[in-house]
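In what follows, a single structure is set out as structure tokens and then discussed.
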Amino acid sequence: MAILCASTSTIFSSSERTSFGSLKKTIPSNQSSFLGFFPVAALSKPGSVRPTTLSFSKRDFRDIWNNTWYPKAKDHINTEKTWYVVDATDKILGRLASTISVHIRGKNLATYTPSVDMGAFVIVVNAEKVSVSGKKRTQKLYRRHSGRPGGMKVETFNQLQQRIPERIIEHAVRGMLPKGRLGRALFNHLKVYKGPDHPHDAQKPIELPIRDKRVQKQR
Amino acid sequence: MNKKEILKLAKGFRGRAKNCIRIARERVEKALQYSYRDRRNKKRDMRSLWIQSINAGTRQHGVNYGNFMHGLMKENIQLNRKVLSEISMHEPYSFKALVDISRNAFPGNKNVVLPTRKADVSINV
């Protein structure tokens with residue numbers, strides 16, 4: 001079985017560069033196989049003309065199989081991250097927030113690193129139409145405290161949805177992201193909007209894949 | 001002698017802990033205790049990270065980590081989690097081949113009982 005795997009990996013690594021949209025994202029950039037030798041032509045005598053086609057740097061010989069991989073700066077450039085868009089109409093609040101937070105944190109990627117922001121951006125539209133099951137619409141309470149004695153403010157799900165509907169989804173997702181400096185930075189990757197429009201058409205967002213079968217409210 | 005060694009170990013510490021020996025001595029002792037403990041913790045943390053990485057990789061193909069490992073054990077594939085996580089990161093097509101092998105060996109638990117929704121349970125009056 002090990003020999004079969006080795007042979008398949010050599011076959012597949014040569015075809016790694018071909019286009020396979022969803023799988024290509026898991027490959028960190030600039031990975032090339034380890035070459036065990038230096039061509040003698042590149043180390044020629046000083047003063048002679050070096051061939052311009054051969055240029056080797058330390059980066060080309062990184063040994064990925066005997067060192068622990070850690071993402072470099074070029075593996076998490078903000079401008080090259082995926083943007084997802086999801087319509088919150090009639091979706092159960094908690095289940096939707098769970099899927100969103102998984103994608104923002106990057107836990108759906110094989111290259112997940114807890115100390116680095118490898119996740120995607122998520123846009124939520126129609127935030128005022130998100131739903132909850134049971135009697136939560138009138139019974140779920142959102143509390144905040146101003147810091148002064150007697151300064152606790154309580155409002156129900158209904159009232160908050162009338163006032164600031166985006167805050168409901170933001171509150172839910174913030175509770176599911178890690179708390180800390182990285183978590184606060186991740187929270188900025190969530191964009192929630194009230195109506196069906198969003199100003200991020202230039203980022204060409206794609207549909208967020210939700211695997212939860214019970215996220216849509218049954219009518 | 002000992003002071004010099006301690007201040008050498010205290011490089012990068014915050015505030016007076018890197019300069020003043022009385023404070024540095026405490027902080028360095030604590031740092032050495034942490035490093036002793038964490039040499040053991042690192043093995044646990046890395047394995048947990050490999051498992052999360054394998055989980056993410058297999059869920060992209062519709063299989064979760066538990067079923068995947070069960071299928072591999074059934075086929076007597078003895079690749080460890082470190083290697084599996086590296087394969088899932090750097091060799092995606094080989095990893096898909098492994099997922100297919102595991103799915104053939106163990107297609108999933110057919111006897112799973114889904115939790116019933118409270119709305120579906122009728123109340124006898």
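The values are calculated or read from the model by the stated rules, or taken from the named source; none is laboratory data. Just so we're clear, the structure is a prediction, and the values are computed from it rather than from any experiment. Cβ coordinates were reconstructed from backbone atoms using ideal geometry, including for glycine residues, and neighbour counts include every protein chain displayed. These accessible areas exclude ligands, DNA and RNA; they are computed on the full protein's heavy atoms, side chains included. Shrake-Rupley method; radii C 1.70, N 1.55, O 1.52, S 1.80 Å.
For the peptide B:51-57, the mean number of other protein chain Cβ atoms found within 10 angstrom of a residue's Cβ is 5. The mean number of partner chain beta-carbon atoms within 10 angstrom of a residue's beta-carbon across peptide B:82-90 is 5. Of the residues B:I23, B:I51, B:I101, the one that moves most in a GNM of chain B with alpha-carbon contacts below 10 Å is B:I23.
Structure remark: mean-square fluctuation, Gaussian network model of chain B, C-alpha springs under 10 Å; the largest value among B:P92, B:P107, B:P115 belongs to B:P115.
Per residue of B:40-50, other chain Cβ atoms within 10 Å of the residue Cβ number 1 on average.
If a/c stays under 1.5 just call it rounded; otherwise compare a/b with b/c (prolate if a/b is bigger, oblate if not). Do that for region B:41-103, with a ≥ b ≥ c from the square roots of the Cα gyration tensor eigenvalues. It is prolate, given that a/c is not under 1.5 and a/b is the larger ratio.
Ignoring ligands, DNA and RNA, what accessible area per residue does region A:57-205 give at 1.4 Å, in Å²? In whole numbers, region A:57-205 has 56 Å² accessible per residue. One decimal place: the segment A:A73-A:H145 gains 22.0 nm when fully extended, by the rule 0.36 nm per residue minus the C-alpha distance. In the elastic network of chain B, a GNM with C-alpha springs shorter than 10 Å, the most mobile of B:S53, B:S85, B:S35 is B:S35. Here the relative contact order of region B:41-103, from alpha carbon pairs under 8 Å that lie six or more residues apart, stands at 41 percent. Could you tell me the distance between the Cα centroids of region A:152-219 and region B:1-72, to the nearest Å? After rounding, the separation between the Cα centres reads 33 Å. Which of rounded, prolate or oblate describes region B:13-125 when judged by the alpha-carbon gyration tensor and an a/c cut-off of 1.5? It comes out oblate by the Cα gyration axes. For a straight C-alpha distance cut-off of 28 angstrom, the lysines reachable from A:K194 (same-chain residues fewer than eight places away being disregarded) are A:K81, A:K91, A:K107, A:K129, A:K135, A:K136, A:K140, A:K153, A:K179, A:K204, A:K213, A:K217. A Cβ-based charge dipole, computed about the Cα centre of region B:1-120 with Lys and Arg at +1 and Asp and Glu at -1, lands at about 1120 debye. Stretched out straight at 0.36 nm per residue, the stretch from A:L182 to A:E155 would grow longer than its current Cα-Cα span by 6.8 nm. Of all lysines in the structure, those lying under 18 Å Cα to Cα from B:K96, and not within fewer than 8 positions of it along the same chain, are A:K24, A:K25, B:K74, B:K82. For chain B, the 222 nm mean residue ellipticity estimated from helices alone, with every DSSP H stretch of n ≥ 4 adding -39500 (n - 2.57) and the total spread over all residues, rounds to -21500 deg cm²/dmol. For A:K74, a cut-off of 13 angstrom between C-alpha atoms picks up these aspartates and glutamates, skipping any fewer than 8 places away in its own chain: A:D117. Of the trypsin sites (Lys or Arg not before Pro) found in region B:31-125, the ones in coil according to DSSP and having at most 12 other Cβ atoms within 10 Å of their Cβ are B:K110, B:R117, B:K118.
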